[in-house]
Amino acid sequence: MKLLRLLIAALIGTALIAGNAATAQSPDVKITMRTFEVVSLFRAPPWSTGPDVMAQSELSRQQGKSAKGTDVFIWELIPKGEDFSGWSELYAIMAETPLGGTAQDYRNGVFNLYSNNCDGAKMQPLVEHSEQQIFALFCPAYRSDSKTGEIAVMNYHMHRKTLVKHYYHKRGAAFTLDDQDSWPMTEDEFAAMIERIGALETKPAK
């Protein structure tokens with residue numbers, strides 16, 4: 001993991017540059033959405049090439065009660081023409097309230113899910129604050145499908161009792177963690193995704 005830590009440290013340093021370069025080539029479309037008592041502002045998914053994000057995406061929207069009795073809102077996009085049962089990329093905003101834990105508690109909780117479902121799962125923290133966690137998750141191979149792996153970048157913001165999650169998943173062939181050439185995304189794509197997911201802004205709704 002030492003090589004991975006060095007790589008991610010370098011990527012954090014170059015992510016803003018990579019993200020700005022991508023923005024210069026295409027419109028920097030931003031989406032504003034109320035997620036319970038929080039207003040979330042986030043960038044469009046990486047596959048969109050113009051202002052009409054929904055024309056290039058398939059949408060799944062869900063809102064209701066969780067098994068724990070909390071209120072949950074999920075808004076997910078995948079590339080146009082793909083199916084939610086077999087997507088290659090997934091981009092989402094999610095909120096849940098009321099919750100009593102910290103952003104770090106919920107970060108650790110999603111990593112436990114990865115550990116249970118992936119061989120060799122790893123988590124790399126990128127930003128760690130009491131109310132915000134940005135991190136990458138690596139699933140070299142699914143236990144249910146040993147030929148497929150996944151990398152995710154996630155940004156968790158805690159506002160009082162509401163947790164807002166912004167995240168991107170990319171699937172591809174199973175990979176070796178220390179062999180970046182085998183990853184489902186390139187170094188530039190990974191750096192740009194850290195910048196894109198890290199650009200989430202949240203504020204209390206008026």
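Read-outs: derived from the displayed coordinates by stated rules, not from any lab. As the structure is a prediction and not an experimental result, all values here were calculated from the model. When we count neighbours, we look across all protein chains shown, and the Cβ atoms used for this are built from the backbone with ideal geometry, even at glycine.
Table for the structure above
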| item | result |
| --- | --- |
| Gaussian network model of the chain, Cα within-10 Å springs - most flexible of 124, 132, 62 | 62 |
| Net charge of neighbours whose Cβ lies under 14 Å from the Cβ of residue 37, counting Lys and Arg as +1 and Asp and Glu as -1 | +3 |
| The chain: most fluctuating residue of 168, 142, 91 per GNM, C-alpha cutoff 10 Å | 142 |
| Calculated on alpha-carbon atoms, Rg and Dmax of the chain in Å | 16.5, 47 |
| Rough spin-label spacing in nm, given labels placed 7 Å along Cα→Cβ, for residue 201 and residue 148 | 3.6 |
| Charge context of residue 188, other residues only, Cβ under 14 angstrom, K/R +1, D/E -1 | -2 |
| For residue 96, net neighbour charge (Lys/Arg +1, Asp/Glu -1) across residues whose Cβ lies under 14 Å away | +3 |
| Whole-number D in µm²/s for the range 54-94 (Stokes-Einstein; Kirkwood sum over Cα pairs; 10 °C, 1.306 mPa s) | 143 |
| Reachable lysines from residue 68, criterion Cα separation under 26 angstrom, eight or more residues apart if same chain | 161, 165, 203 |
| Aspartates and glutamates whose Cα lies under 18 Å from that of residue 147, excluding same-chain neighbours fewer than 8 positions away | 89, 119, 178, 179, 181 |
| The range 120-206, relative contact order in percent, only Cα pairs under 8 angstrom and at least six apart counted | 22 |
| Of 122/170; 80/206; 30/170, pairs whose Cα-Cα distance is over 23 Å | 80/206 |
| Max mean-square fluctuation residue, GNM over the chain, Cα-Cα springs under 10 Å, options 172, 86, 50 | 86 |
| Proxy reagent accessibility, fewest Cβ within 10 Å first, across 200, 113 | 113, 200 |
| Whole-angstrom gap from the range 46-81 to the range 128-206, using each part's C-alpha centre | 16 |
| Percentage relative contact order, the chain, counting C-alpha pairs under 8 Å, at least six apart | 23 |
